[in-house]
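Visitor: Have a look at this one.
The values are calculated or read from the model by the stated rules, or taken from the named source; none is laboratory data. Computed from a predicted model, the values in this text were never measured in an experiment. Using ideal geometry, Cβ is built from the backbone for each residue, glycine included, and neighbour counts are taken over all protein chains shown.
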């Protein structure tokens, strides 16, 4: 997880709060918002187009997925094993 410096977080948190206020949910809304951001940021085919640029966007999204798994899903699974027993 690339932790953002404390002094840079307020600007990032404004975006998070705006998403919450807009009612962005994890039911397609989040997918739309993140894809739209990526699409607008990558932009149309330009001289800056490159495999590495696209790969970096995919890598960021995969890291987000992995961080959710590490910080939320794995502890949830550990508690489920405690409750129900292991396989």
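So that you can scan it fast, the table gives a plain yes or no per residue for (1) over 11 Å from the mean Cα position of the chain (by Cα); (2) farther than 17 Å from residue 3 by Cα; (3) without any contact (Cβ under 8 Å) to a residue 24 or more places away in the chain:
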residue: 18; (1), (2), (3): yes, yes, yes
residue: 31; (1), (2), (3): no, yes, yes
residue: 34; (1), (2), (3): no, yes, no
residue: 37; (1), (2), (3): yes, yes, yes
residue: 50; (1), (2), (3): yes, yes, yes
residue: 65; (1), (2), (3): no, no, yes
residue: 74; (1), (2), (3): yes, yes, yes
residue: 77; (1), (2), (3): yes, yes, yes
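Visitor: Looking at 39, 20, which is the one that is modelled with pLDDT of 95 or more, out of contact with any helix residue (DSSP H, G or I) (no Cβ under 8 Å at 6 or more places or on another chain) and exposed (fewer than 12 other Cβ atoms within 10 Å of the Cβ)? Write out each step before concluding.
Guide: On the way: 39 fails: modelled with pLDDT of 95 or more.
The conditions single out 20.
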